[in-house]
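Since the structure comes first, as structure tokens, the remarks are kept for the end.
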Amino acid sequence: MKEIGIVEELKGKNAKVLIKRHTACGDCGACQVGKEKMTMEATARNAAGAQVGDTVSVEMEFANVIKATSIMYGIPLIAFVVGCAAGYFTAVALTLDLVLVPFFTGILLTVISYLVIRVFDKKGKFNSKYEPVITEIEAEAQELPPESK
């Protein structure tokens, strides 16, 4: 998957890139959507050495996009189903409410799964192959002329 964007900010070895949203792009949550959902902000590894204002190519293998989406949505979905099942059997055994206990147990496990994913991501436990990479600079930033007084 290849996208074109403009570097907004540099953060160490990474860069925040503003990418114009395409209709084929879903709402996966991997990118922070802004400006009335017309653009996305993505943090990408700055392998090309881009500077603020440069127009760049940002790439990520399609298979890795699918794997990252599975991590972000599949694991919490499984946690919700397991939580609902565990909550149901617990509610039956303890003669509790058969609707609320499974629902809140499912929600609790979903929240816990998102927190675990976030902690693993912050600690760098996920492979860097799930991270977008700036592969080339399409156009360098234009310097603005000095302001006339």
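The values are calculated or read from the model by the stated rules, or taken from the named source; none is laboratory data. Treat the numbers as computed from the prediction; the structure is a model and nothing was measured. Neighbour counts run over all protein chains shown; Cβ positions are idealised from the backbone, glycine included.
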* Does the stretch 14-34 contain any residue that is at pLDDT 90 or above and among the basic types (Lys, Arg)? -> yes
* Taking the stretch 38-64 only, how many residues are in contact with a Ser or Thr (Cβ under 9 Å, 6 or more places away or on another chain) and either assigned to a loop (DSSP other than H, G, I, E, B) or surrounded by fewer than 20 Cβ atoms within 10 Å (Cβ to Cβ) (or both)? -> 5
* Among the residues of the stretch 65-103, which ones are of a type in the set (Val, Ile, Thr) and in a helix (DSSP H, G or I)? -> VAL65, ILE66, THR69, ILE71, ILE75, ILE78, VAL81, VAL82, THR90, VAL92, VAL101
* Please find, among THR69, THR55, the residue that is in the same structural domain as ILE112 (by TED's automatic domain parsing), within 27 Å of GLU8 (Cβ to Cβ) and among the β-branched types (Val, Ile, Thr). => THR69
* To do: Would you check if ILE137 is at pLDDT below 95, under 20 Å from ALA44 (Cβ atoms), more than 22 Å from the chain's Cα centre (by Cα) and not hydroxyl-bearing (Ser, Thr, Tyr)?
  => yes
* Asked: If only one of THR135, THR95 is among the polar types (S, T, N, Q), out of contact with any helix residue (DSSP H, G or I) (no Cβ under 8 Å at 6 or more places or on another chain) and loosely packed, with under 13 Cβ neighbours inside 10 Å, which one is it?
  -> THR95
* Out of the residues in the stretch 88-134 that are in contact (Cβ under 8 Å) with a residue 60 or more places away in the chain and among the charged types (D, E, K, R), state the one that is farthest from THR43 (Cα to Cα). => LYS129
